[in-house]
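The structure that follows is given in the form of structure tokens.
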Amino acid sequence: MSETVKIGGKIIAGVDEAGRGPLAGPVIAAAVILDEARPIEGLADSKKLSASRREVLAVAITDRARCWALGRAEVEEIDKINILQASLLAMKRAVAGLRIIPDLVVVDGNQAPILDCHVQTIIRGDATVAEISAASILAKVARDREMTEMDKIFPGYGFSQHKGYPTELHKQAIRRIGVSAIHRLSYAPVKALLGL
């Protein structure tokens with residue numbers, strides 16, 4: 001169970017991203033400032049929750065958080081600056097979208113964007129820090145919804161099933177159809193499938 005970060009009266013924002021590993025689609029980050037007066041039960045690492053549970057929690061987060069925002073980096077940006085830098089850019093954009101300026105931003109992992117406030121990285125923060133868990137859930141839900149929509153625009157790849165991750169179904173589709181406008185051409189598996 002994740003626990004809220006408490007630092008005497010400071011405003012804490014949790015940040016996480018979804019979509020580093022897929023071969024297609026954007027990377028999406030979320031920033032969340034929780035409200036201690038309106039706790040949310042069941043926050044955890046989004047990867048450990050079912051899709052239906054994530055959806056329920058996402059509604060609770062957007063309803064009860066003091067504020068939240070999403071940020072993103074597009075496929076073209078990922079191909080241009082690499083996925084790590086694109087993830088940090090998406091995180092920076094998410095924090096910039098908050099209507100409340102945090103005193104501290106806690107980020108999952110060991111890499112953080114450069115921000116105008118204090119930043120702390122926390123390994124496995126998505127499983128242990130409520131603010132990061134909430135951000136993890138919002139980012140994952142937003143990205144999954146978008147990839148389901150992309151399935152309608154780019155049929156045949158199975159985006160609604162694998163969300164762009166390198167499953168065998170997805171790799172077979174790339175071999176059969178080629179790449180779409182949302183595939184990450186800088187990714188080695190995509191290059192390999194195209195014979196580049």
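The values are calculated or read from the model by the stated rules, or taken from the named source; none is laboratory data. Predicted model only: the values in this text are computed from it and were never measured. Positions of Cβ are generated from backbone atoms using ideal geometry, with glycine treated the same way; all protein chains shown enter the neighbour counts.
Looking at (1) more than 30 Å from Ala188 (Cα to Cα); (2) surrounded by 14 or more Cβ atoms within 10 Å (Cβ to Cβ), which is the one condition that is false for Val59?
(2)
Out of the stretch 113-140, which residues are closer than 20 Å to Ile101 by Cα, assigned to a helix (DSSP H, G or I) and acidic (Asp, Glu)?
Glu131
Considering the stretch 42-57 alone, what residues qualify as being within 11 Å of Ile137 (Cα to Cα) and either part of a helix (DSSP H, G or I) or in contact with a Pro (Cβ under 9 Å, 6 or more places away or on another chain) (or both)?
Scanning the stretch 42-57 gives Ser46, Lys47, Lys48, Ala51, Arg53, Arg54, Glu55, Val56, Leu57.
Now for a different question. Can you spot a residue in the stretch 66-73 that is part of a helix (DSSP H, G or I), of a type in the set (Lys, Arg), surrounded by fewer than 21 Cβ atoms within 10 Å (Cβ to Cβ) and at pLDDT 95 or above?
No.
Just checking, which of Lys92, Lys171, Lys152, Lys80 is of a type in the set (Lys, Arg) and closer than 30 Å to Ala37 by Cα?
Among Lys92, Lys171, Lys152, Lys80, only Lys92 is of a type in the set (Lys, Arg) and closer than 30 Å to Ala37 by Cα.
Of everything in the stretch 111-129, what is surrounded by fewer than 23 Cβ atoms within 10 Å (Cβ to Cβ) and of a type in the set (Gly, Ala, Ser)? Give them in sequence order.
Ala112, Ala127
Let me ask something else about it. Return only the number of the condition from (1) under 22 Å from Leu88 (Cα atoms); (2) without any contact (Cβ under 8 Å) to a residue 40 or more places away in the chain; (3) outside any loop (DSSP other than H, G, I, E, B) that Gln161 does not satisfy.
The single condition Gln161 does not satisfy is (1).
If you don't mind, another one. Quick test for you: out of Gly42, Gly19, Gly9, Gly25, pick the one residue that is at positive phi, out of contact with any strand residue (DSSP E or B) (no Cβ under 7 Å at 6 or more places or on another chain), surrounded by 15 or more Cβ atoms within 10 Å (Cβ to Cβ) and not hydroxyl-bearing (Ser, Thr, Tyr).
Gly25
Specify which of the listed residues (Ala60, Ala86, Ala90) is at pLDDT 95 or above, part of a helix (DSSP H, G or I) and over 21 Å from Gly164 (Cα atoms).
So the residue among Ala60, Ala86, Ala90 that is at pLDDT 95 or above, part of a helix (DSSP H, G or I) and over 21 Å from Gly164 (Cα atoms) is Ala60.
In the stretch 173-189, how many are exposed (fewer than 13 other Cβ atoms within 10 Å of the Cβ) and either of a type in the set (D, E, K, R) or at positive phi (or both)?
3
Name the residues in the stretch 132-168 that are crowded, with 24+ Cβ neighbours inside 10 Å and among the hydroxyl-bearing types (Ser, Thr, Tyr), would you?
Ser133, Ser136, Tyr157
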